[in-house]
Each structure stands twice: as C-alpha cells, then as structure tokens.
Amino acid sequence: RNIVSIEPEFVDATFLYVIPTITVNYNAGATTLSAGEISNRVKTAVNNFETTDLSVFDKKFRESTFVRKVTEADVSIVSTLSTYRMMKRFTPNTGTATTYNFAFNNGIHHPHTGHLGAINSSSFTFQSQESYLDDDGDGNIRIYYLGDNNIRQYLSNVAGTVNYATGLITLNNVNITSSSDIEITAKPNINDLESVRNNIILISGTSISVVN
C-alpha cells in the first residue's frame with residue numbers, strides 16, 4: 001500500500017492570553033531602587049518570560065517557572081504572589097446573527113454548581129445596549145447590561161453555553177451590532193496552562209504591585 005498524495009492544510013494560529021496579577025514583596029534595605037524601578041524590572045522579567053517560555057506552539061505556561069523568574073528580577077524581592085485569568089479575544093461579525101466557539105482548552109474554575117463569576121467579558125452592543133457576558137453557574141452564558149445602581153439587567157439568559165471542564169464557550173446565533181474586539185476572561189481551574197494544536201499562549205494586561 002502506498003500513499004497516493006498528501007494535501008497539507010494551513011490553519012491560522014489561535015491565541016490564549018494569560019492575565020497575571022502580581023504582588024511582589026521586597027526588602028528596601030537590600031536595594032537602592034525605588035518601588036517604581038522594582039516594578040519596571042518585574043515588567044521586564046514578565047516580557048522576557050513571554051519571549052523565551054511562551055510565544056510559540058507547544059509551549060505551556062508553568063506557574064513555578066513564571067514565579068521564579070519574577071522573583072529573580074531583583075535581589076531585593078523576597079516573595080511573589082500571583083493570580084491569573086485566561087482570556088480569549090475575538091472580532092465579532094457585526095450586524096449578523098453568528099455562532100462563536102472559544103476553546104480555552106483548559107478547565108475553568110467552578111468549585112460547585114451555581115458558582116457565579118466564572119465568565120466575564122469586555123463591553124459590546126447588543127439590542128442597542130452596552131452589554132456584557134457572564135454565566136449563571138449552571139453552564140449557561142448570559143448577556144446583561146448595567147441598569148440603575150449598576151444592577152445587572154439580563155437581555156438573554158441562554159445566549160450560549162460553557163463547559164467548565166474543557167473550557168469550551170459557545171455563543172449561539174448572537175447578533176452583536178457594534179463593537180471593537182471583545183475579550184472573554186475566565187479564572188483557570190489550575191494555574192499551569194496547556195497549549196494544544198494551533199494554540200499559542202501569550203501574556204496580556206499584567207498588573208504589578210510592589211510592597212515594602
């Protein structure tokens with residue numbers, strides 16, 4: 001038996017963004033640098049980590065390596081505490097009802113049925129309202145806007161689904177009428193994140209606090 005032909009198929013890379021919130025504790029007596037200068041060194045360490053440990057196919061986000069490299073940014077840093085969110089970014093097909101699928105390919109933190117706050121998003125226009133996404137804790141994606149006193153008013157309670165175990169989010173026939181790129185964020189179930197198939201992990205929106 002012989003192979004008759006091979007037809008390669010090229011697909012675009014997809015991106016999973018990690019959003020770290022970092023608090024570093026440093027010993028002011030061990031350095032002449034200011035807190036701002038320590039923050040800049042941490043920022044450089046994060047950028048270097050993205051370049052050397054991520055940014056290409058099959059590179060996984062390892063929390064232990066990330067924390068070590070942040071801590072090594074300056075000799076005065078004595079400890080590092082970090083939390084993370086995952087983010088997918090997409091450009092909507094405005095004015096047309098469209099189904100979207102977002103594969104985080106990593107579990108989403110959902111400790112029990114009914115747990116709220118697993119899913120969040122940036123704003124977009126839906127039914128003439130500045131709207132957002134969240135989940136109901138039972139696997140349903142909802143669309144809401146902020147009414148009086150910032151109380152959430154829901155325009156759709158079944159706009160899509162979320163599989164907390166696999167990290168797959170689906171929006172079903174949603175007509176987004178106006179928006180720039182939309183960001184959907186979720187807290188990972190574990191902080192070591194996998195990169196599968198054509199997915200590349202990057203870092204975005206790092207928040208850094210420096211504490212003496």
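The values are calculated or read from the model by the stated rules, or taken from the named source; none is laboratory data. On a predicted model such as this, the values are computed, not experimentally measured, just so you know. Counting neighbours? That spans all protein chains shown, and the Cβs are built from the backbone with ideal geometry, glycine included. Note: accessible area is taken over every heavy atom of the protein model, side chains too, but ligands, DNA and RNA are not part of it. Shrake-Rupley method; radii C 1.70, N 1.55, O 1.52, S 1.80 Å.
You can think of it this way: the chain between His115 and Lys59 has 17.1 nm of extra reach, that is 0.36 nm per residue less the Cα-Cα gap.
Loop-located chymotrypsin sites (Phe, Trp or Tyr not before Pro) across segment 1-46 with a Cβ neighbour count of 12 or fewer within 10 Å are Phe10, with loop assigned by DSSP. Using the Cβ-Cβ distance between Arg197 and Thr83 with R0 set to 25 Å, the FRET efficiency from 1/(1 + (r/R0)^6) comes to roughly 0.40. For the chain, the longest principal axis of the alpha carbon atoms and the long axis of helix 35-53 meet at an angle near 60°. Computed over the Cα atoms of segment 164-209, pair by distinct pair, the Kirkwood hydrodynamic radius stands at 14.2 angstrom. Computed over protein heavy atoms with a 1.4 Å probe, the carbon and sulfur contribution to the accessible area of the chain reaches 46%. Note: relative contact order over the chain, using C-alpha pairs below 8 Å and six or more positions apart, is 35 percent. Rolling a 1.4 angstrom probe over the protein heavy atoms with all chains in place gives the chain an accessible area of 55 Å² per residue.
Based on the alpha-carbon gyration tensor of the chain and its eigenvalue square roots a ≥ b ≥ c, which shape applies: rounded if a/c is under 1.5, prolate if not and a/b is larger than b/c, or oblate? It comes out oblate by the Cα gyration axes. In the chain, the calculated helix contribution to ellipticity at 222 nm averages -4500 deg cm²/dmol per residue, counting -39,500 (n - 2.57) for every DSSP H run with n ≥ 4. Per-residue extension of 0.36 nm, minus the Cα-Cα distance of Ile151 and Gln127, leaves a gain of 6.9 nm for this segment. With the biggest extent put first, the Cα atoms of segment 1-56 measure 73, 18, 15 Å across the principal axes.
Distance between the C-alpha centres of segment 100-149 and segment 172-212: 13 Å, rounded to the whole angstrom.
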